[in-house]
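Here's the structure we're looking at; comments come further down.
All of the numbers you see were taken from the coordinates with simple rules; none came from a lab. Quick caveat: nothing in here was measured; it's all calculated off a predicted structure. All Cβ positions, even for glycine, are placed from backbone atoms using ideal geometry, and neighbour counts span all protein chains on display.
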Amino acid sequence: MPVYKIHHITRYEYDSPVKESISEIKLYPYSCPEQQTLQQDIMITGSPRIEIYTDYWGNNAGVFNLLAPHQSMTIESRLLVNTIGKASPEHISIGFDELQQEVSTNIRLWELSVPEEIGAQQMISEIIAPVYREKKSVAETISYFSSYVFQHFRYIKDVTDIETTVDEIFRHRSGVCQDFAHVLLQLLRTVHIPARYVSGYICPNKNGMRGEGATHAWVEAWVPGYGWAGIDPTNNMWVTDTHVKLSVGRYFKDCTPVKGTFKGTAQQTLSLYVSVGHEDGSGFEQPDNIKMEVQPSGKTAEKIREPAKGQQQQQ
């Protein structure tokens with residue numbers, strides 16, 4: 001059971017005072033048997049009261065309001081968490097008939113098994129053809145699709161952003177973990193395997209995994225007789241004790257680490273920093289300074305302070 005020490009800072013700076021910064025944070029580890037929060041401290045400029053609730057997807061979320069005028073706001077999370085490895089479902093040979101029975105009696109599973117309507121669906125149909133031809137099990141299908149994404153899409157930063165669609169990802173065949181997860185979700189749901197987006201961290205394990213030490217994204221798919229199985233298409237691996245899960249949802253927007261609004265005419269700059277330390281003393285840091293494009297309106301107005309193009313994209 002490895003123990004990880006994770007330091008995550010989100011900082012907003014404004015070129016003139018703003019007020020009433022209402023924010024939602026999803027920085028709390030997801031409650032599940034595979035991980036245990038040993039300690040967490042969340043520090044926010046002005047020390048506002050955080051109202052914590054459980055959202056539709058079972059995530060722990062916090063909401064706060066920084067009322068007083070301010071020109072900067074920092075949200076800092078210091079987390080100590082241990083993870084417990086879970087055996088992969090590779091040995092489970094249950095097929096789609098059993099899956100269909102489970103989905104038909106569970107509205108939440110059904111909701112997560114419906115694919116998005118996209119223009120590239122013909123390409124998707126060609127990719128999924130071997131699943132039916134070779135009569136793969138559910139677990140084999142999940143692994144097959146993960147391998148396909150890993151082999152046919154290039155891991156390149158700064159070619160996509162949080163607004164990039166699945167169709168656009170298919171056109172340039174490249175992106176980061178967020179994009180890989182969205183493509184895999186579309187493949188899985190096309191064959192009616194319930195699947196959900198996962199936001200979290202991937203921790204250093206000396207294997208040089210892509211995205212380690214940063215905010216990361218992967219997928220959980222439903223396997224009959226097993227439950228939710230985590231799979232990471234960015235690294236083509238079943239999720240192990242190197243992954244720390246923060247939140248789940250249908251897509252990234254259900255799992256955004258920080259989002260909100262403020263009142264004012266200011267332009268803002270977002271700075272991100274993530275540091276992950278392993279119990280053996282190794283670690284990784286990722287600073288990131290991003291200019292947010294928020295145009296002044298000339299009057300006091302409520303502005304959306306949510307990741308725009310290029311901001312807070314999971315790597």
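Observations on the model:
- Directionally averaged projected area (segment 90-134, Cα convex hull): 4.3 nm².
- For segment 96-252, the Cβ-based charge dipole about the Cα centre amounts to some 300 debye (Lys, Arg positive; Asp, Glu negative; other atoms uncharged).
- log10 of Debye I(q)/I(0), alpha-carbon scatterers only, for segment 1-53 at 0.18, 0.23, 0.24 Å⁻¹: -0.81, -1.14, -1.21
- Alpha carbon convex hull of segment 96-252, volume per residue in cubic angstrom: 109
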